[in-house]
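Reviewing the structure listed below.
Taken together, the values in this text are just the output of simple stated rules run on the coordinates, not laboratory data. It should be emphasised that the depicted structure is a prediction, and the values quoted were computed from it without experimental measurement. Reconstructed Cβ throughout: ideal geometry from the backbone, glycine too, with neighbour counts over all protein chains shown.
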């Protein structure tokens, strides 16, 4: 499951990822992300990704996650946060796929990210 919420009051793009993400779900998410980024000035928003419960994904879905990671790193968000994944295997996959992962402030829980905004 991937859920994207945009909070205009806190100025946060909040992404919650859990379980196994299917190809179709990832495709819909990337389209939704692109559309929502166009509706705001991302320099005024922080991005928080909470994918602690994400499982590894199939090779065809990896391509879509690469596209999402590219959007995360090339969109000029004010700040970027990522909650460290529980699965070492899934975290390795994200690091391998994720160009620009070093642009993220790694936090151990959601509250740490929200306190810093």
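Just to be sure I understand: of the beta bridges DSSP finds with both ends in segment 1-49, what percent are antiparallel, rounded to 5?
The antiparallel proportion sits near 60 percent.
In 5 Å bins starting at zero, report the fraction of Cα pairs in segment 24-68 per bin as a rounded %.
Histogram of Cα-Cα distances, whole percents per bin: 5, 17, 24, 27, 16, 9, 3.
Considering the Cα positions of segment 1-88, please state its Rg to one decimal place and its Dmax as a whole number of Å.
When restricted to the Cα atoms of segment 1-88, Rg and Dmax are 12.5, 37 Å.
Got a sec? Which residues in segment 45-62 would a label at residue 35 touch, if it sits 7 Å along Cα→Cβ and we count backbone N under 12 Å?
What the label zone holds, given the 12 Å backbone N cut-off, is no residue at all.
Assuming a viscosity of 0.692 mPa s and a temperature of 37 °C, what translational diffusion coefficient in µm² per second does Stokes-Einstein assign to segment 1-48, Rh being the Kirkwood radius over Cα pairs?
D = 291 µm²/s.
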